[in-house]
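Reading through the structure tokens given below for one structure.
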Amino acid sequence: MFGRLCQDLLDEALLVQSEKALEMLFSKRLQSWQKLFERTDNGLLSIEKIKGMIAELSSMEDLIAEGKDSLVSIAGGWMGPIGHDQDFCLPGRNLEIKAVTPTAQEVSISSLRQLESEPPLFLKILFLQTAPKETPSAINLNKLVSRLEGKLSPDKNALKIFRERALEGGYLELAEYDAFNFLIVERRTYVISDNFPRLTSSMVTEAISKACYNIRLASIEDFLISVSQSDE
């Protein structure tokens, strides 16, 4: 683990050009590492957080493939790891990403602000199925992060931001993640229009400060704008 910390600092230091910036990098990076170790003893994310990050990273790959936004806009727009209400805040639109099982009938919404946004908002749901590592299209966190680093490498600033956000989200390259493999069997994207069924802070009394709720997938079919099937 200590060796990975040193390698992480070295990798990031190579992207810094001034001594002052290097000092700031080391301070910020060490703070991120401290937070990571405070979350868990072994540095591993929970299975639910693994699935959630896989869904977010796979969605980032989709955004890069679409080519609508710059690499730095996509990397900088990945806001989930730093606690924003939505997972991606991009020029002109926000995205909320969810990971569910292939048999899921509902999707969980964790706050009153998660489906509340000034720019146009979209809900993207990825259906993840556990898969043997040998499955050709199986993905895991280490594989996804490595692929994204390659795709973001033409823009050093984008790559730097991506690595910072991944660490903020609790990810550290560990061999243990290779054992958690998934297949994305389906992707669905919904538009969050005015009549989309949801609870927001503007809809409830001020006496209610927090709320978590589930939305039945069958009830939002009219808002479905995109469906793509298995990666197999």
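Bear in mind that the values in this text are calculations on the coordinates, not laboratory data. Everything numeric in this text was worked out from a predicted model, so none of it was measured. Methodologically, a virtual Cβ is constructed for each residue, glycine included, from the backbone with ideal geometry; neighbour enumeration extends over all protein chains shown.
A few notes on this one:
- FRET efficiency, ARG216 to GLN129 (Cβ-Cβ, R0 35 Å, nearest 0.05): 0.95
- Antiparallel %, DSSP beta bridges [both residues in the stretch 76-133], to 5: 35
- Helix-only CD estimate at 222 nm, as mean residue ellipticity for the chain, using -39500 (n - 2.57) per DSSP H run (n ≥ 4): -12000 deg cm²/dmol
- Dipole in debye (nearest 20) - the stretch 63-149, about Cα centre, beta carbon charges: Lys, Arg +1; Asp, Glu -1: 240
- Over all other residues within a Cβ to Cβ distance under 10 Å of SER202, the charged ones net out to 0, with Lys and Arg as +1 and Asp and Glu as -1.
- Extension gain, GLU176 to SER111: 0.36 nm times the residue separation minus the Cα-Cα distance gives 20.3 nm.
- A simple charge model with +1 on the Cβ of Lys and Arg, -1 on the Cβ of Asp and Glu and nothing else charged puts the dipole of the chain at about 180 debye relative to its Cα centre.
- Cα-based Rg and Dmax for the stretch 100-228, where Dmax is the largest Cα-Cα distance (Å): 17.8, 52
- Hypothetical label at SER73: residues of the stretch 102-134 whose amide nitrogen lies under 18 Å (7 Å Cα-Cβ projection): 118-122
- Inter-label distance, nm, simple model (7 Å from Cα along the C-beta direction), ILE47/ILE82: 3.2
- Gaussian network model of the chain, Cα within-10 Å springs - most flexible of ILE184, ILE125, ILE208: ILE208
- For the chain, DSSP calls about 75 percent of its internal beta bridges antiparallel.
- GNM flexibility winner over the chain from ALA99, ALA166, ALA175 (Cα, springs under 10 Å): ALA175
- Separation between Cα centres of the stretch 178-225 and the stretch 55-126, rounded to whole Å: 11
- Normalising by residue count, the chain has a Cα convex hull of 146 Å³ per residue.
- Sequence of SER117, SER228 once ranked by neighbouring C-beta atoms within 10 Å, starting from the fewest: SER228, SER117
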